[in-house]
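As structure tokens, the structure follows; a few thoughts come after it.
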Amino acid sequence: MGVGRLISDHIPLDHVDAASFVHRGDVGERVRLRFADVTVTDVRAARALTTHTTAAAPAGVFLVLAVTAVGRGSDQNYVGLDLVDPAGIHYVPTVRGGCATAIKGRAGVPSYALICYDVPRQALEGAHLQFSLAPYDNDGAFQRRDDVADIDLGIHAAEAARMWRTNDSYKASMTELTPPDLTPSPAPKAVSR
Amino acid sequence: MSGWWRVNRWWLVVLPIALVAMLAASSYRLKTMWWDSGYHHEIASAGVGRWAHVDESYATFTQRIHHRYRVRADGLSTTDSIPQDSGDLPVPAGVTAYLVHLSFEAATDQDMAYCEVMLVGSDGTVYGGNVDDQINQSDLCLPVAEPDPETGITPTDVPRGRTWTVDPIVLAPSSARIRAVRVTYGKPRYVTLAVDPAASS
Amino acid sequence: MSEAEERPRGRAGRLTSAATTFVVKRPRSQKLGALAGVALLVTAPFGGLRSAADVPPEHVSVDKPLMVGPFRFTFVKAVTVSDLEPAAKPSVEGGRLFVIEARVSNPGERPEPVIELTRALTVQDAGVAPDTDGSAATPDMYDVDDSTTLSGSINPGVSYLVALVWDQQPGWTGDHARLRIARQEYRDKDPLTLDDHTWWLMDDALATATVPVEVKK
């Protein structure tokens, strides 16, 4: 009984800590995680995303992130790619337009991906990328006790206003062995504002 | 027997049984969350240039799997470009694209579809195995079909003999020292085939 | 009973008998209470422990915005077209496409999968064949502004003009069709799948409406 009392009095049995291990970083900074090193190399806004055959238009604006990931230990897909605004609202990458919705990671070999979000105006200023192995999905249930990179995209008020008005178009790209082409061109007439 | 022991004698018998039952009841987590979710069961292995023999049978949720084949690593070579439908993909600097030369022998009715081939580095890092990848390889342990010269369509089902060879590509950093090839038909089972580290670097 | 009492009993028999006597001696109110408790626990996985839901009225119209699961849905018009290239074309030779144009937005605070809209939408009297399993067909969804397929999820705070597209059999000649929107129910806890905070598709309708169909070449 004494032992039982000792356990119930001194071990916080009601408190189970399942929080993720959050590693913060900025654009251009390599963030080291258990399963990968991740860097956001570029942040752009787009009025259109083009492939050989399609041009996608955003309902809000496309926020385009160039992300480099170098896997550690084994090849894995990184599926947690949520954009989070300062109010804590999550946004997921769009499947339209031909950008990556998961990064195919390779151990020791850089994977270059473009991640594109169709977001409203209020998602831009102060937005962060939450990068993880598993999707955020059900309130982060799959990211419990795992590493998550929280990368500040450095979008301030003036930058957000400029991004919202953009008329640039970018070539969409999924996960590649070489960095994406980030040369902007004017958005096709059909989708420009 | 003193009073306390006598009063509690049945509970003392029940206690270890209850403990075992409790552990058993939650042990499925160990199997599902750990054992089945990683490469934990080496079913066969072979030294450099030797055959590994696989003869096993196990049940999944939906079916019973029988695997009976032998496989041998005939070494690694490297390539400067990765063939793709849209033209060859150059291998970037700092990266080595290995051609993994494998020989197989199995009865012609043995299902050999959907394996994965990986390389194991001297530090334990495993390269490859994420088959739905940038270089668009699909079924690594079956002979690759040639596209039909008239239609240009690559047949998906190629008849094979009892023995055949494959050369899937696995990417690794050029700094890696490769010590083995891993062939798997799904976690947690795998076959380890040693390769000569000197030959890979 | 008397025959059973005469039988010699082991330890287990004595325990059972003691338990039976205990239960039998309880007052009737306690017995009924325990029975109700057991019944409630048995139905718990199916919602027995939840309070009864307010069932919204059926047969409301679609001329104003409706909350379809997590989405705000505003019906714009119904048309039939010979194709919607490059987005979609009829899968049957000589067939057409039945299209509902609507505005769809996600007013919530998390991305929501588009299937939670499309799975709730079916049409009748529109020349649309049922799915191979016999259930009413649900549409594919496209962005009207750029003809891309809207699949995956819709982010909070964005609004799309969408085309909800069904395959239409050759030879349909109507000028009205019926749109049915199934009701969905939000589940904070889902004991069956362990996926909490999900929308469940219910059998009853949230809205049904007869809509005019414009025939385009």
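The values are calculated or read from the model by the stated rules, or taken from the named source; none is laboratory data. Since the model is a prediction, treat every value here as computed from it, not as a measurement. Every residue, glycine as well, gets a Cβ built from its backbone with ideal geometry; the counts of neighbours run over all protein chains shown.
Being closer than 20 Å to A:GLY28 by Cα and among the aliphatic types (A, V, I, L, M) is the filter here; which residues of the stretch A:103-132 pass it?
Residues satisfying the conditions are A:ILE103, A:VAL109, A:ALA113, A:LEU114, A:ILE115, A:LEU124, A:ALA127, A:LEU129.
Quick check on A:TYR112: is it in contact (Cβ under 8 Å) with a residue 24 or more places away in the chain and within 13 Å of chain C (Cβ to nearest Cβ)? Walk me through how you get there before you give the answer.
Working: in contact (Cβ under 8 Å) with a residue 24 or more places away in the chain: yes; within 13 Å of chain C (Cβ to nearest Cβ): no.
In short, no.
Answer yes or no: is there a residue in the stretch B:86-99 that is surrounded by 11 or more Cβ atoms within 10 Å (Cβ to Cβ), in contact with a Ser or Thr (Cβ under 7 Å, 6 or more places away or on another chain), closer than 28 Å to B:ARG50 by Cα and more than 14 Å from chain A (Cβ to nearest Cβ).
Yes, that holds for at least one residue.
Where residues in the stretch C:115-147 are touching a Gly at 6+ places or on another chain (Cβ under 7 Å) and over 18 Å from C:VAL211 (Cα atoms), which of them is surrounded by the fewest Cβ atoms within 10 Å (Cβ to Cβ)?
C:GLU116
How many of the residues making up the stretch A:84-109 are closer than 25 Å to A:THR166 by Cβ and either assigned to a loop (DSSP other than H, G, I, E, B) or at the interface with chain C (Cβ under 8 Å from one of its Cβ atoms) (or both)? Don't jump to the end; show me each part of the working.
Step one: list which residues in the stretch A:84-109 are closer than 25 Å to A:THR166 by Cβ, which gives A:84-87, A:89-101, A:103.
Right, trim to either assigned to a loop (DSSP other than H, G, I, E, B) or at the interface with chain C (Cβ under 8 Å from one of its Cβ atoms) (or both) and you get A:85-87, A:89-97, A:99-101.
Of the residues in the stretch A:84-109, 15 are closer than 25 Å to A:THR166 by Cβ and either assigned to a loop (DSSP other than H, G, I, E, B) or at the interface with chain C (Cβ under 8 Å from one of its Cβ atoms) (or both).
For the stretch C:95-128, what are the residues that are assigned to a loop (DSSP other than H, G, I, E, B) and among the charged types (D, E, K, R)? Before you say what the answer is, go through the steps one by one.
Taking the stretch C:95-128 first, the residues assigned to a loop (DSSP other than H, G, I, E, B) are C:95, C:106-111, C:114, C:119-120, C:125-128.
C:GLU109, C:ARG110, C:ARG119, C:ASP125, listed by residue number.
Against the condition more than 13 Å from chain A (Cβ to nearest Cβ) and at pLDDT 95 or above, how does C:LEU192 come out, does it pass? If you could, list the steps in order and put the result at the bottom.
Values: more than 13 Å from chain A (Cβ to nearest Cβ): yes; at pLDDT 95 or above: no.
Considered against the rule, which asks whether it is more than 13 Å from chain A (Cβ to nearest Cβ) and at pLDDT 95 or above, C:LEU192 comes out as no.
Condition check: farther than 20 Å from A:ASP147 by Cβ and either in contact with a Cys (Cβ under 6 Å, 6 or more places away or on another chain) or of a type outside the set (Val, Ile, Thr) (or both). Does A:ARG96 satisfy that? Step through it out loud before you land on a result.
Working: farther than 20 Å from A:ASP147 by Cβ: yes; either in contact with a Cys (Cβ under 6 Å, 6 or more places away or on another chain) or of a type outside the set (Val, Ile, Thr) (or both): yes.
For A:ARG96, the condition - farther than 20 Å from A:ASP147 by Cβ and either in contact with a Cys (Cβ under 6 Å, 6 or more places away or on another chain) or of a type outside the set (Val, Ile, Thr) (or both) - is met.
In the stretch C:178-217, how many residues are charged (D, E, K, R), assigned to a strand (DSSP E or B) and touching a helix residue (DSSP H, G or I) at 6+ places or on another chain (Cβ under 9 Å)?
Applying the first criterion (charged (D, E, K, R)) to the stretch C:178-217 yields C:178, C:180, C:183, C:185, C:187-190, C:195-196, C:203-204, C:214, C:216-217.
Right, trim to assigned to a strand (DSSP E or B) and you get C:178, C:180, C:183, C:185, C:187, C:203-204, C:214.
Narrowing further to those that are touching a helix residue (DSSP H, G or I) at 6+ places or on another chain (Cβ under 9 Å): none.
Qualifying residue count, the stretch C:178-217: 0.
Among the candidates B:SER122, B:SER57, B:SER138, which residue alone is more than 28 Å from A:LEU114 (Cα to Cα), free of Cβ contacts under 8 Å to residues at least 12 places away in the same chain and under 18 Å from the mean Cα position of the chain (by Cα)? Please lay out each step first, then the result.
On the way: B:SER122 fails: free of Cβ contacts under 8 Å to residues at least 12 places away in the same chain; B:SER138 fails: more than 28 Å from A:LEU114 (Cα to Cα).
Of the residues listed, the single one that is more than 28 Å from A:LEU114 (Cα to Cα), free of Cβ contacts under 8 Å to residues at least 12 places away in the same chain and under 18 Å from the mean Cα position of the chain (by Cα) is B:SER57.
Contact list please: Cβ distance under 8 Å, first residue in the stretch C:199-217 and over 25 Å from C:GLU116 (Cβ atoms), second residue small (Gly, Ala, Ser), pairs at least six apart or on different chains.
C:PRO212/C:ALA78; C:VAL213/C:ALA78; C:VAL213/C:ALA126; C:VAL213/C:GLY174; C:VAL213/C:ALA177; C:GLU214/C:ALA78; C:LYS216/C:SER82; C:LYS217/C:SER82
So is C:LEU206 surrounded by 13 or more Cβ atoms within 10 Å (Cβ to Cβ) and either modelled with pLDDT under 90 or touching a strand residue (DSSP E or B) at 6+ places or on another chain (Cβ under 8 Å) (or both) or not?
Values: surrounded by 13 or more Cβ atoms within 10 Å (Cβ to Cβ): yes; either modelled with pLDDT under 90 or touching a strand residue (DSSP E or B) at 6+ places or on another chain (Cβ under 8 Å) (or both): yes.
The answer is yes for C:LEU206.
Please verify whether B:VAL20 is loosely packed, with under 11 Cβ neighbours inside 10 Å and hydrophobic (A, V, I, L, M, F, W, C), treating the condition exactly as stated.
Details: loosely packed, with under 11 Cβ neighbours inside 10 Å: yes; hydrophobic (A, V, I, L, M, F, W, C): yes.
Taking the combined requirement at face value, the residue satisfies it.
Is at least one residue of the stretch B:120-128 at the interface with chain A (Cβ under 10 Å from one of its Cβ atoms), small (Gly, Ala, Ser) and not in a strand (DSSP E or B)?
Scanning the stretch B:120-128 turns up at least one residue that is at the interface with chain A (Cβ under 10 Å from one of its Cβ atoms), small (Gly, Ala, Ser) and not in a strand (DSSP E or B).
Starting from residues that are under 11 Å from the mean Cα position of the chain (by Cα) and not small (Gly, Ala, Ser), keep the ones in the stretch A:51-67 and report whichever is nearest to the other protein chains (Cβ to nearest Cβ).
Filtering the stretch A:51-67 for residues under 11 Å from the mean Cα position of the chain (by Cα) gives A:63-67.
The next check asks that each one be not small (Gly, Ala, Ser); those that pass are A:63-65, A:67.
On the way: A:LEU63: 10, A:VAL64: 15, A:LEU65: 15, A:VAL67: 14 Å.
Step by step, filter the stretch A:51-67, then rank; the result is A:LEU63.
B:LEU102 is checked against (1) crowded, with 19+ Cβ neighbours inside 10 Å; (2) in contact with a Pro (Cβ under 9 Å, 6 or more places away or on another chain); (3) within 14 Å of chain A (Cβ to nearest Cβ) and fails just one. What number does that condition carry?
Checking B:LEU102 against (1) crowded, with 19+ Cβ neighbours inside 10 Å; (2) in contact with a Pro (Cβ under 9 Å, 6 or more places away or on another chain); (3) within 14 Å of chain A (Cβ to nearest Cβ), the one that fails is (3).
Can you find, within the stretch A:115-162, the residue that is surrounded by the fewest Cβ atoms within 10 Å (Cβ to Cβ) among those that are in contact with a Phe, Trp or Tyr (Cβ under 9 Å, 6 or more places away or on another chain), assigned to a helix (DSSP H, G or I) and within 12 Å of another protein chain (Cβ to nearest Cβ)?
Looking at residues that are in contact with a Phe, Trp or Tyr (Cβ under 9 Å, 6 or more places away or on another chain), assigned to a helix (DSSP H, G or I) and within 12 Å of another protein chain (Cβ to nearest Cβ), I get A:ARG121.
Residues B:TRP5, B:TRP34: which one is touching a helix residue (DSSP H, G or I) at 6+ places or on another chain (Cβ under 9 Å) and not in a strand (DSSP E or B)? So that I can check it myself, show each step before the final result.
On the way: B:TRP34 fails: touching a helix residue (DSSP H, G or I) at 6+ places or on another chain (Cβ under 9 Å).
Sole residue among the options that is touching a helix residue (DSSP H, G or I) at 6+ places or on another chain (Cβ under 9 Å) and not in a strand (DSSP E or B): B:TRP5.
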